1. Would you point out the residue of segment 192-205, among those that are in contact with a helix residue (DSSP H, G or I) (Cβ under 9 Å, 6 or more places away or on another chain) and in a helix (DSSP H, G or I), that is surrounded by the most Cβ atoms within 10 Å (Cβ to Cβ)?
2. Only one residue in 72, 158, 52 is surrounded by fewer than 22 Cβ atoms within 10 Å (Cβ to Cβ) and in contact (Cβ under 8 Å) with a residue 60 or more places away in the chain. Which one?
3. Which of the residues that make up segment 80-111 are outside any strand (DSSP E or B), closer than 13 Å to residue 35 by Cα and over 9 Å from the mean Cα position of the chain (by Cα)?
4. Does at least one position in segment 85-96 carry a residue that is in contact with a helix residue (DSSP H, G or I) (Cβ under 6 Å, 6 or more places away or on another chain) and under 14 Å from residue 44 (Cα atoms)?
5. Taking the condition of being touching a strand residue (DSSP E or B) at 6+ places or on another chain (Cβ under 9 Å), surrounded by fewer than 17 Cβ atoms within 10 Å (Cβ to Cβ) and either modelled with pLDDT of 85 or more or farther than 27 Å from residue 140 by Cα (or both), how many residues in segment 163-181 meet it?
6. For segment 182-191, indicate whether the set of residues that are in a helix (DSSP H, G or I), in contact with a strand residue (DSSP E or B) (Cβ under 8 Å, 6 or more places away or on another chain), more than 23 Å from residue 62 (Cβ to Cβ) and at pLDDT 85 or above is non-empty.
7. Let me spell it out: the conditions are (1) under 13 Å from residue 43 (Cβ atoms); (2) modelled with pLDDT of 90 or more; (3) in a strand (DSSP E or B), and residue 64 meets all of them except one. Which number is the exception?
8. Looking only at segment 95-135, which residues are under 16 Å from residue 55 (Cβ atoms), out of contact with any strand residue (DSSP E or B) (no Cβ under 8 Å at 6 or more places or on another chain) and touching a residue at least 60 places away in the same chain (Cβ under 8 Å)?
């Protein structure tokens, strides 16, 4: 759903405050700000990409789907970050190689391809943003690959809950969503969660998990 909010919201992000006056004008004229109230897939694998996706608030999840239909999270795109896979598509005329899901109440700025390429040529801050996005992507993919090879599913689940829970210890996520992030099934994840509940390490509720013993969960995560 297209948002009527001012593009000035995007310009509050640090990297865009460094744009020249000409660059800011280009951004204002070309960028569209979209708000996604509910969780929804906004890019499908094989789709054409119309521009650069910059997260203003909320978060995007980039994921893959196995031939068996199981989802697996590749990485997240946080506020102030740009989707490097989308940049690769617009610079090299490629189709998007994965799926992208917007979490509830996420705002995304879409900068048209030509506008972003022009800004990249002329604005050091956009060049720095692009290089940073590439380095972050490589790091996150390598980190996830290391988890897959070195941690069993129980350890990955414990680590995911630790990393994604809020300051109050609550993780607002369903068992199906957890399974999708970990590339497993809801039945397997539910069984592991029941064991954690029985050990009084976590409590589960409708669409949420609350950490009760953080140190015990950290030991499980290795």
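The values are calculated or read from the model by the stated rules, or taken from the named source; none is laboratory data. Computed from a prediction, not measured in an experiment: that's the story for all the values here. Heads up, the Cβs are rebuilt from the backbone with ideal geometry, glycines too, and the neighbour counts pull from every protein chain shown.
1. Within segment 192-205, the first condition is being in contact with a helix residue (DSSP H, G or I) (Cβ under 9 Å, 6 or more places away or on another chain), and the residues that meet it are 192-193, 195-196, 199-204.
If we keep only those that are in a helix (DSSP H, G or I) too, we end up with 192-193, 195-196.
Details: 192: 19, 193: 18, 195: 12, 196: 23.
It comes out as 196.
2. Details: 158 fails: surrounded by fewer than 22 Cβ atoms within 10 Å (Cβ to Cβ); 52 fails: surrounded by fewer than 22 Cβ atoms within 10 Å (Cβ to Cβ).
Result of the check over 72, 158, 52: 72.
3. Taking segment 80-111 and keeping what is outside any strand (DSSP E or B), we get 80-81, 83-98, 103-105.
After this cut, where a residue has to be closer than 13 Å to residue 35 by Cα as well, the list is 103-105.
Residues satisfying the conditions are 104, 105.
4. For segment 85-96, residues in contact with a helix residue (DSSP H, G or I) (Cβ under 6 Å, 6 or more places away or on another chain) and under 14 Å from residue 44 (Cα atoms): present.
5. 3
6. Among the residues of segment 182-191, not one is in a helix (DSSP H, G or I), in contact with a strand residue (DSSP E or B) (Cβ under 8 Å, 6 or more places away or on another chain), more than 23 Å from residue 62 (Cβ to Cβ) and at pLDDT 85 or above, which makes the answer no.
7. Exception for residue 64: condition (2).
8. The answer is 126, and nothing else.
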